[in-house]
Amino acid sequence: MTLALPRPVARRLILRPPRPGIAAAAVVLALTLTAVVWPSLFAGDPLAADPLHVLEGPSAQHWFGTDQLGRDVFDRVVHGARHSLSIGVAATVIAVGAGILLGLCAGLTHKYADEVISRGFDALAAFPLVLLALLFIAIAGTGTTSLIVAIGVATLPHYARVVRAQTLIVRQAPYVTHAVAFGASRGRLVLRHVLPNVLGPIPVLAMIGLGEAILVAAGLSFLGLGPQPPSPEWGAMLSESRGYLHIAWWASVLPGAAVTATVISLTVIGRHLQSRFEGRHQ
Amino acid sequence: MRRTRPAAAVLALALALTAACSSGTTGAADAGQPVSGGSLTWAIETEPITFNPHQYAQAKARLLVWNSFEALLTHDAQGGYVPWLATGYEVSPDGKTYTFKLRTDVTFSDGTKFDAAAVKANVDQFQVEGYNPQVLAVQLRNLASVEVADASTVVFKLTQPDVLLLDFLSSPQGAQVSPKSLKEARNLKAGGPELAGTGPFILDRYTAGQEVHFTRNPAYNWAPATAGHSGPAYLDEVTYRFLKESSVRVGALTSGQVQVIEGVPATDEALITANKQLTLGRGLNSGSAFSYYFNTAHAPFDDIRVRRAFREAVDVDAVLTGVYRGSATRAWSVIGPTSPFYDKTLEKTYGGDAAEANRLLDEAGWSARDAEGFRTKDGKRLTVRLVQSAPFIRDRRDVLAQAVQAQVKQSAGIDLTVTVADQGTAAKALADGAYEVFENSRADTDAGAALSLLLTSTGSINRTGFKDAGLDRLLQDGQASTDQAKRLAAYQQVQKLVITDQALILPLYAPADQIAFGNTVGGVGFEPTAGVPGSAYNVWLSK
């Protein structure tokens, strides 16, 4: 994994023009991000219902058709990006933050504390992600906040384990032992010497993890555990329109396509970055 | 109310649909003459919260009750009473004593004989505290005692005249359960296989969340005259599968996994009528209309202007067209349009005037708007809460609520929050008064029972919090008189008071049942008067 590439190969990788798949993924991500930041640029009111125009197919006026309440599906998909992505991002931020903290603790403390924390990760990782999130929601109640925390906690071991493993390597590195010999304080040692050097793989990992978090969030809100109607969240939209699938495919297929496109784009770009940057250190 | 016998009604409907939908072709083949035997699977929308008929509360569970239980009386198509387990009854001239003669040839499926003592045991069971306070407070409010005159004669003594006694004795709550089961059942209120009845089928297996299974009662030979035939049921066994999702039910029917479904959503009706192998039937329910009741106990609905404004803010016709594709019958009163007490003069007297709604709200002081466009008063948003109880959601009432939510927001800036909760949570919200809108429809065969429960000051589901001595008196009059004209007069005044004068209620639609079945099935129909799907007694499978 950590083999350093010969220099010319690395340069070739960096300079090679992006493949079409990656370019497409980048375009999708850019569009999605714009939808998150400025949804009204593309779309109108996602809650405006028109009961006289329900379940109408895609047309020039309604690009993605209308749903069971006569709301414009395109408007809802665009506004839904903010709901779905912000849940995914917030959950990933929690998971990464707590993961780094716990991973550092496990890697730097003595043997027994490391054992306790690491077995804790194992226990968390032993449950499927969705099950763990469901368990948390059962305890904390439904709603956007508990959905975010649930996914954050459930995906935390993913990052914590990597940070712990990196910490164990870095703490033995000559520059750390030298810093100890020079009498650096514990805080300075961790913040200045250990932390920056264990974070390398985290951004790429988080990017791939973000896709998973968005998918799980959509899945849980499909089950009615996330934002409540009439919020235009992608998973909730799928859930509400699935009863009409055989007469109005657009109301569920298009929000579903939005989830799929976003998650695939995140993963494609994440993997691409991973292949480019992995092993650049050391 | 003009309804022919169920089988004939379905046949007529099938013919009408055939004529309407498939001009020139033969259309739905009929299942021929009744044959005995076979095993039928029927997919239903609602899993009952109880199998004890005395605890019956879901109109969608009524078709299950009459498979294994029976009452003293039943209804004919004209809304009158006909004998079932009773052979007849007499009323004393003062209207306070009802003497019932009972059949002598009836036994419960556990071998216990059905007699006057059994009837007394059943009615006395309601006196047990907490058993069913709703029925005790309305239908049995004026019951003084039940006396056993001889083995086949039972006498009901009332403290004052009350016609709802007959409705009770023909309702699922008045169904007869074996006295042995009443004594010995470990979980009486939940019911199930351990409760024996006299019906044409015996409930022998219940798998929570999946299905309930009935087998034929071979000894059955006491069908009422209104039933299509006599003797044991045609089917050997019938299984009801609980399929909550309408698309799953329709899929199960079209793929042949089940032979009958109920709860066909309006959006799927075209799929059924286009399929020549399938037949669609529809019956309007009796009882109260599906309505939103406003909680007048606290702000904002303690102000009649806000109640009126909410009602004006909703364009009910547009909402129903959107959600039900024009197949729903709009309700204008708290009583459904099939009831003999329905007040037709209320039609088109209110609703759908957004300008008026906004004027009323401005006048009531809700004139400011917040960033999201909702009205506010003293910094507080005009929020009203509707809590839906999941086991009672049918006919896409959750989607309907969202449509109303969007309407009141767009037209008047009212924030209607809709929560779907499990039954316990919903009951708690109602008990704590943590709601402003309460939704309900009742399928009582006598709408008077529904009105007494919903509107009297002490009514156990009086969720409006509205208490008025005059209204109580009118409801009392309606319940006491045997004279249909007097009852009509009383109930028309009730409707005018609660709909026009007080604006306590936003009636939405008249509940209806849609059933669909394959062409191998015969005898599927609706229960006379109640308008809900009938039991499996008349149903047969041609192969």
> From the phi of every residue in region B:259-265, what ³J(HN,Hα) in whole Hz does the Karplus formula 6.51 cos²θ - 1.76 cosθ + 1.60 yield, where θ is phi - 60° and glycine or proline is x?
Replying inline: 9, 9, 10, 10, x, 7, x
>> For B:ASN440, what residues show an amide H to amide H distance below 5 Å, using hydrogens built from the backbone and excluding near sequence neighbours?
In response: B:SER291, B:TYR293
> Rounded, prolate or oblate: which fits region A:170-282 when a ≥ b ≥ c are the square roots of the eigenvalues of the alpha-carbon gyration tensor, with rounded for a/c under 1.5 and prolate only if a/b beats b/c?
Replying inline: prolate
>> Can you give me the convex hull volume of the Cα atoms of region A:99-206, divided per residue and expressed in Å³?
In response: 110 Å³
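Using the Cα atoms of region B:290-510 to build a convex hull, what is its mean projected area in square nanometres? Could the numbers behind the result be given before it?
Values: hull surface 46.9 nm².
Seen from a random direction, the Cα hull of region B:290-510 projects 11.7 nm² on average.
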>> Explain nothing, just compute: Karplus ³J(HN,Hα) = 6.51 cos²θ - 1.76 cosθ + 1.60, θ = phi - 60°, for every residue of region B:322-327 in order, whole Hz, x for Gly and Pro.
In response: x, 7, 10, 6, x, 8
> Going by the alpha-carbon gyration tensor, a ≥ b ≥ c the square roots of its eigenvalues, is region B:333-391 rounded (a/c under 1.5) or, if a/c is not under 1.5, prolate (a/b greater than b/c) versus oblate?
Replying inline: oblate
> lysines within cross-link reach of B:LYS180: Cα-Cα under 24 Å, excluding same-chain residues under 8 positions apart?
Replying inline: B:LYS101, B:LYS113, B:LYS120, B:LYS189
> If the limit is 31 Å between Cα atoms, which of B:LYS344/B:LYS428; B:LYS380/B:LYS467; B:LYS409/B:LYS486 go over it?
Replying inline: B:LYS344/B:LYS428; B:LYS409/B:LYS486
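Is the shape of region A:31-185 rounded, prolate or oblate, going by the alpha carbon gyration tensor and its root eigenvalues a ≥ b ≥ c, with a/c under 1.5 for rounded and a/b larger than b/c for prolate?
Details: a/c = 4.55, a/b = 2.47, b/c = 1.84.
Because a/c hits 1.5 or more and a/b exceeds b/c, region A:31-185 counts as prolate.
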> Roughly how tilted is helix B:304-313, in degrees to the nearest 10 and between 0 and 90, from the longest Cα axis of chain B?
Replying inline: 80 degrees
> P(r) for the protein assembly as shown: what percent of alpha-carbon pairs falls in each 20 Å bin, starting at zero?
Replying inline: 14, 39, 30, 14, 4, 0
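By count of other Cβ within 10 Å, fewest leading, how are A:GLU212, B:GLU347 ordered?
Ranked by crowding around the Cβ, least crowded first: B:GLU347, A:GLU212.
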>> With viscosity set to 0.890 mPa s at 25 °C, what whole-number translational diffusion coefficient in µm²/s follows for region B:70-169 from Stokes-Einstein and a Kirkwood radius over Cα pairs?
In response: 175 µm²/s
> In whole Å, how far is the Cα centre of region B:424-448 from that of region A:230-249?
Replying inline: 28 Å
>> I need the P(r) histogram for region B:442-486: all alpha carbon pairs, bin width 10 Å from 0 out to the longest distance, whole percents.
In response: 30, 53, 17
>> Students often forget the sequence filter, so: which lysines lie under 20 Å Cα-Cα from B:LYS244 once same-chain residues fewer than 8 apart are removed?
In response: B:LYS60
> Ratio of Rg to Rh for chain B, alpha carbon only, Kirkwood?
Replying inline: 0.97
> Restricting attention to region B:102-188, which trypsin sites (Lys or Arg not before Pro) occupy a DSSP loop and are surrounded by at most 13 other Cβ atoms within 10 Å?
Replying inline: B:ARG186
> Across 5 Å bins from the origin, how do the percents of Cα pairs in region B:190-343 run, short distances first?
Replying inline: 1, 7, 10, 12, 13, 15, 14, 11, 7, 5, 3, 1, 0
>> For B:ALA368, what residues show an amide H to amide H distance below 5 Å, using hydrogens built from the backbone and excluding near sequence neighbours?
In response: B:THR376
>> Give me B:SER411, B:SER452, B:SER170, A:SER40 sorted ascending by neighbouring Cβ count inside 10 Å, so fewest comes first.
In response: A:SER40, B:SER411, B:SER170, B:SER452
>> Give the lysines reachable from B:LYS348 as a straight Cα distance under 21 Å; neighbours fewer than 8 places away on the same chain don't count.
In response: B:LYS496
>> From the helices alone, meaning DSSP H stretches of at least four residues, give me the mean residue ellipticity at 222 nm for chain A, per-run term -39500 (n - 2.57), in deg cm²/dmol to the nearest 500.
In response: -22000 deg cm²/dmol
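With the Cα gyration tensor of chain A in hand, convert its eigenvalues to equivalent ellipsoid semi-axes via √(5λ) and list them largest first in whole Å.
Numbers: eigenvalues 351, 110, 37 Å².
Three semi-axes, in Å: 42, 23, 14.
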> Counting other Cβ atoms within 10 Å, which trypsin sites (Lys or Arg not before Pro) in region B:344-389 have at most 12 and lie in a DSSP loop?
Replying inline: B:LYS348
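When you look at the Cβ of every residue in B:405-413, what mean number of other chain Cβ atoms sits within 10 Å?
Details: counts 5, 9, 3, 0, 4, 5, 0, 0, 0.
Mean partner shielding for this stretch: 3.
Rank by packing, highest mean first: peptides B:132-139, B:145-152, B:227-234, B:400-407, with packing defined as the count of other Cβ atoms within 10 Å averaged across residues. Show your work: numbers first, answer last.
Numbers: B:132-139: 19.8, B:145-152: 14.1, B:227-234: 18.1, B:400-407: 24.6.
Sorting B:132-139, B:145-152, B:227-234, B:400-407 by mean packing, highest first, produces B:400-407, B:132-139, B:227-234, B:145-152.
Give me the net charge for the shell around B:PHE201: Cβ to Cβ below 15 angstrom, other residues only, Lys and Arg +1, Asp and Glu -1. Write down the numbers at each step before the final one.
Numbers: positive: B:ARG62, B:ARG205, B:ARG216; negative: B:GLU70, B:ASP110, B:ASP204, B:GLU211, B:ASP236, B:GLU237.
With Lys, Arg at +1 and Asp, Glu at -1, the neighbours total -3.
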>> Give the separation of the Cα centroids, region A:89-154 to region B:281-344, in Å.
In response: 49 Å
>> Using each residue's phi in region B:134-143, evaluate 6.51 cos²θ - 1.76 cosθ + 1.60 at θ = phi - 60° and report the 3J(HN,Hα) Karplus result to the nearest Hz, with x for Gly and Pro.
In response: 4, 5, 4, 7, 10, 5, 9, 4, 9, 7
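No lab work stands behind these numbers, since they all come straight from the coordinates. Model, not experiment: these values are computed from the prediction. Cβ sites come from the backbone with ideal geometry, for glycine too, and all protein chains shown count toward neighbours.
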